[in-house]
Amino acid sequence: MDKAHRHEELEEEAAKPFGLMGYFLTPGELMHACEKLKNAGYKDFDAQTPFPVHGLEKAMGLPPSKMPWIVLMAGATGLASAIALTWFVSVDYPLVISGKPSFSYQAYIPIMFELTVLFSAFGAFFGLWGMNRLPMFYHPSMKHPSFPRATDDAFFVTVEAKDPKYDASKTRKLLEELGAREIVEVTE
């Protein structure tokens with residue numbers, strides 16, 4: 001009896017709607033739809049495209065990326081660690097040649113540059129993975145029957161059910177008015 005009840009709960013959880021999805025055939029149609037969704041007050045919606053669509057982030061009302069700050073902080077950490085390393089080496093194992101000071105930073109400029117670039121690259125790589133929540137092996141949008149076209153010739157928009165303005169019938173009607181094709185409710 002307990003197992004049957006748990007099985008029913010799992011089926012209810014599995015049938016929980018994630019949102020409504022539809023696709024457009026051109027980037028212009030997608031941009032127009034995203035602008036209209038934003039203007040209608042929707043906040044939790046996403047777009048999947050086969051290639052970058054410039055200006056889409058503005059049409060969706062997304063804030064500026066935090067990536068430049070992540071890369072800057074990683075680069076500053078790399079520079080600081082290079083300075084600390086070279087200072088420590090100069091003090092711990094001093095080479096007194098021709099009366100030079102024990103910490104002659106000019107000789108270490110290449111090391112400082114290289115560690116700054118290395119840490120910046122690590123910050124960009126791991127920062128993107130973290131901000132995009134990668135690796136993501138599954139996403140509910142993959143349940144849309146035409147979703148494989150997202151890597152070829154279709155521009156998808158997903159309005160998530162967690163959006164405060166989400167109402168399945170009203171959202172479907174809005175997507176139909178915007179020209180979305182094959183509107184499907186995907187589940188989690």
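Within segment 26-51, restricting attention to residues that are farther than 15 Å from D153 by Cβ and without any contact (Cβ under 8 Å) to a residue 24 or more places away in the chain, the residue that is farthest from the chain's Cα centre (by Cα) is N39. Listed by position, the helices (runs of 4 or more DSSP H) inside segment 53-158 whose residues that are of a type outside the set (K, R), outside the structural domain of A33 (by TED's automatic domain parsing) and open to solvent by 80 Å² or more (accessible area, probe 1.4 Å) number at least 3 are 67-92, 109-131.
Each residue in segment 114-155 was checked for being among the basic types (K, R) and touching a strand residue (DSSP E or B) at 6+ places or on another chain (Cβ under 9 Å), and 2 pass.
So, E177, is that one over 22 Å from the mean Cα position of the chain (by Cα) and in the same structural domain as T49 (by TED's automatic domain parsing) or not? Yes; evaluated as a whole, the condition is true for this residue.
The values are calculated or read from the model by the stated rules, or taken from the named source; none is laboratory data. On a predicted model such as this, the values are computed, not experimentally measured, just so you know. Using ideal geometry, Cβ is built from the backbone for each residue, glycine included, and neighbour counts are taken over all protein chains shown. Areas reflect the complete protein model, heavy atoms only, side chains present, ligands, DNA and RNA absent. Shrake-Rupley method; radii C 1.70, N 1.55, O 1.52, S 1.80 Å.
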